[in-house]
1. May I ask you to order 160-169, 134-143 by the average number of other C-beta atoms within 10 Å around their residues, highest value first?
2. Can you give the Rg to Rh ratio for segment 125-190, taking only C-alpha atoms and Rh from Kirkwood?
3. Which whole-number percentage describes the relative contact order of segment 68-204, with Cα contacts under 8 Å and a sequence gap of 6 or more?
Amino acid sequence: MSNLIYYERYLPHRLPPGETIFITFRLAGSLPQEVLVRLQAEAQLAQQRSAPDVGLRYAEQKRYFGRFDALLDGSTHGPTWLGQPAVAAIVQQAIHYPDRKGYDLRCYCIMPNHVHLVVDLPDDAPPLAKTLQTLKGYSSFQANKLLGLSGAFWQAESYDHVVRSGELDRIISYVLENPVKAGLVDEWPKWPYSYLAPSNADFQSASE
């Protein structure tokens, strides 16, 4: 069974307690539907070809996410509300609120149209799907109120990756370096909407 999941609203989450989870969610309408349909069709075909080989299937899924995230970084389609400081502050508050309650926060990066988040799930954590539903619901309500909007703020789909042993530093680096890769800043600490938990201070020192 794959530990990398791209799920729709009604598909089950496989987010086991005791694991570290890499999560990506995005604004509603941030990518054209035809682009998503093409990406998902390509991903399904690649998974069918690699189905007997767990390592190959995992590599194909990573490639899918890389294409997906690159499209978000370079997208000129749809809203970029998260680039507004007041909206980003709402999302930051929503992310921090469940820390030490629903999850243990490691890092995040709020990009103009999507969010990357890495958390640890304690053994007694409530279902992460429920925590994310509350996080997205609160931030959606507050952001829509601020912007004078109504309707869907977040896209229903999210992307979850159970972090494998040995890849945590790489994923934290990926999250924090996202605005650098997108050409928004030249060093990740200059991006005002990123966060690295104090418990990862060793990583921070190694990255400077």
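A short reminder: the numbers here are calculations on the coordinates, not readings from a lab. The structure presented is a predicted model; accordingly, all values stated were derived computationally and were not measured. Cβ sites come from the backbone with ideal geometry, for glycine too, and all protein chains shown count toward neighbours.
1. Taking the mean over residues of other Cβ atoms within 10 Å, the ranking is 134-143, 160-169.
2. Details: Rg = 15.8 Å, Rh = 14.8 Å.
On the Cα set of segment 125-190, Rg over Rh gives 1.07.
3. 27
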